[in-house]
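These notes are about the structure you will find just below.
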Amino acid sequence: MPAASDPRSQPSSRPQVDVSRLREVPGGYDIDRLPITVEREDGEALQSWLLRAGHRYGIHPRAMLSQLGATITPQVNIDPRRLFSGQSGVEAASRIGVDADTLTAIDPLSAALAGTRARFRHEFLGLKQAVRTKGSRWCTRCLEETGVWQESWRDPLHLYCPRHRLVLESRCYWCSAVPFESSAWLTSLEKTDECPHFVDDRYTNGSRYRGRCRRPFRHPEPTPAEDSDLECQRILFDFAERAHETPTQLVRACGIEAQALPVFEAALEIIATICPPAGTTQPFDDDENLRYAVRVAVNVLTAPSPESALRIARRHHAFGIDDQKLPVLGPRGEVRDAPRNPLLVAVWLSDVHERVSLPYELRFRMGSPRPRYPDGWQDHDRVLQEKDRRPGLPLSALPQVAWDRLQLLPHAEDLGLDSRTGRTFISLCLARYGTTRSFNVLATAFGLPAWSARLYERHWQGIHQSGRWREYLHGLDQLFHLLHDSPPPIDYQMRRAAAWNPIHLRPVAEHLLPDVRNGVAKGITVASLTRALWALYTNGDATIAPPDYRPGRDDHPASTPELDAALVTELWPHHLLPLEGPLTWSPP
């Protein structure tokens, strides 16, 4: 009977090797990865890298993807970046011995162009579906020298090679196919500079399998690029990179200092209007028209003023053949039907400045170098500068009569800006600025008769006829931003409401009357002192006080500088009428 075998493990006669240290041994071999590493070049498209890696192993890209752990459906084009995202990209990189970051890295120019276009579609236009560009252009000389397809060539706006100063090709000279547009490249064994697309010829016509073009992507007569076109592309790429890296950085476009993101989006809007295929998945169908659209967009953005930018845009139909995409003044529903780029809106509104009525001038903030639509008229959040987000001033920040010594216009005494009418008109304009509030409603809110709005419009007509209306609006815009930067510490609307009836101020006037008569105003009456208190408390004018404050025919003048000064400095009875904030205030 044979002896039973010893269940304990027997020592091997071969030397033991620490498997965990096998990869650290020089010359060692890792059975979990492919033997040859093919590095991805800087700025190289993933399709190009797959072609080179497959050609190095003698297999086509689809088989290469299978070796890297990705399974794809035959005859279906793919997006390699999605295949290599996440853990699948890490595993694929480890199998071929490259850094995982190289498979997910995006060329900076491609990231700028694609990223800003995606933001334009999703945030501005409200389109949720992502668009993947099919196909790629190429430079004949670059491909001949390196055999590498640049990732940025896939972008519709990359039209020229600045290195070789050539127009990028978009279709095979022999078969007219767009590279990487179909799935033919996934089963190609050709070199990266040879066309892999299927063609019908007299040998394969009617047979089950078609032959391939196999001609080099080499144009016999490449088209040289004009210096002006290369400069246009450089400027456009500069706008795109700034919009991607620092969207709020200020750049100069159309003679306006504006944020980089809406500036580049204005270029995209102009290009898509002139050449609609540029905004689709087939951007290579009309390259000549696309090059023309890029020239127009850059010429519009680099114009020295809004007026010249609008002339260029209209001359080249940048707003459509019949100006159907031109911004409109209203109504609000028609404006909200389609998003409007704030730069193009500002350019157009600058042209209609001084050709529209006073309410429109104030509603669209035409005193600013960046006119815009009122709040709530557009669904997007794009502005040309951050201060343009400021809403209309609340009525609580505005007195009935604007503060004195406001320098809206130099040497404007002849226009009556320091008069009661002029200062009340300033308050009405500030309350209307950037909003759709009507003058009648504002006059009532300030304690004025609704019909008085027409009297103040006559004051505007005098300013307009003097030829200084543009300066006046500019001064209003500066005061508008000054009040946002330094808001008044007084709630004027609350004070107007609290003092609408004299019942609250009359006891205060009766309490102060002896001191006032013994000091600055000997013959003043209780009614006159009550009006003076109201004018000081609300920063109003006693002559346009509410009806219950109106003086009699022989009444004492309500307010004098001496009385106001005394009330402010020493006489105000805080125990009878407490104040929230100072009694009076003026902008800094």
Fill in the blank from the handout: For GLU257 the rounded accessible area (nearest 10 Å², probe 1.4 Å, non-protein molecules ignored) is 70 Å²
Practice task
Can you give me the span-like helices of the chain, meaning DSSP H runs with 20 Å or more of Cα extent along the axis and Kyte-Doolittle mean at or above -1.0?
Solution key: 227-245, 260-274, 287-301, 469-485
Practice task
Would you work out if the range 95-166 is rounded, prolate or oblate? Take a ≥ b ≥ c from the square roots of the eigenvalues of the alpha-carbon gyration tensor; rounded if a/c is under 1.5, else prolate when a/b is larger than b/c, oblate otherwise.
Solution key: oblate
Exercise for the section: Determine the order of TRP572, TRP500, TRP585 by accessible area, beginning with the largest, at a probe radius of 1.4 Å. Expected result: TRP500, TRP585, TRP572
Completion exercise
Nearest-0.05 FRET efficiency for ASP286 and ARG332 at R0 = 35 Å, using Cβ-Cβ distance, is 0.45
Problem - By accessible area with a 1.4 Å probe, ligands and nucleic acids excluded, highest first: order of GLU44, GLU288 - result: GLU288, GLU44
Handout entry: Heavy atoms of TRP174: accessible area, 1.4 Å probe, square angstrom to 10
Key = 130 Å²
Completion exercise
A student applying the Cα gyration tensor rule (rounded when a/c is under 1.5; otherwise prolate if a/b is larger than b/c, oblate if not) would label the range 117-206 oblate
Exercise for the section: Mind checking the full-extension length gain between GLU144 and LYS191? Use 0.36 nm per residue of separation minus the Cα-Cα distance, one decimal, nm. Expected result: 15.8 nm
Completion exercise
Length gained, ASP379-GLU471, 0.36 nm per residue minus C-alpha separation, equals 30.0 nm
Fill in the blank from the handout: With ALA499 itself left out, Lys, Arg at +1 and Asp, Glu at -1 over residues whose Cβ is under 11 Å from its Cβ give +3
Exercise for the section: Leaving ligands, DNA and RNA out of it, report the carbon-plus-sulfur percent of the accessible area of the range 131-180 at a 1.4 Å probe. Expected result: 45 percent
Exercise for the section: Enter the accessible area per residue of the range 241-386 (Å², integer; probe 1.4 Å; all protein chains in place). Expected result: 39 Å²
Exercise for the section: Along Cα→Cβ, 7 Å out, is where each label goes; now give me the distance between the ones at ARG56 and THR436 in nm to one decimal. Expected result: 6.3 nm
Handout entry: Eligible lysines near LYS191 by straight Cα distance, threshold 25 Å, same-chain separation 8 or greater
Key = LYS134
Fill in the blank from the handout: Percent relative contact order for the range 309-428, counting Cα pairs under 8 Å at least six residues apart, stands at 18 percent
Fill in the blank from the handout: With all protein chains present and a 1.4 Å probe, the order of ILE106, ILE490 from largest accessible area down is ILE106, ILE490
Problem - ARG210 paired with ARG517, simple spin-label distance in nm, labels 7 Å along Cα-to-beta-carbon - result: 10.9 nm
Problem - Cα gyration tensor category, rounded, prolate or oblate, for the chain with a/c compared to 1.5 - result: prolate
Practice task
Round to the nearest 10 and report in Å² the accessible area of LYS325, as given by a 1.4 Å probe over the protein chains' heavy atoms.
Solution key: 100 Å²
Problem - Taking the chain and dividing mean pair separation by its residue count, relative contact order in percent (alpha carbons under 8 Å, at least six apart) - result: 9 percent
Problem - the chain, helix-only ellipticity at 222 nm - DSSP H runs n ≥ 4, -39,500 (n - 2.57), divided by all residues, nearest 500 - result: -11500 deg cm²/dmol
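The values are calculated or read from the model by the stated rules, or taken from the named source; none is laboratory data. If you're wondering where the values come from, they're calculated on a predicted model, not measured in any experiment. When we count neighbours, we look across all protein chains shown, and the Cβ atoms used for this are built from the backbone with ideal geometry, even at glycine. Only protein heavy atoms, including side chains, enter the accessible area calculation; ligands, DNA and RNA are left aside. Shrake-Rupley method; radii C 1.70, N 1.55, O 1.52, S 1.80 Å.
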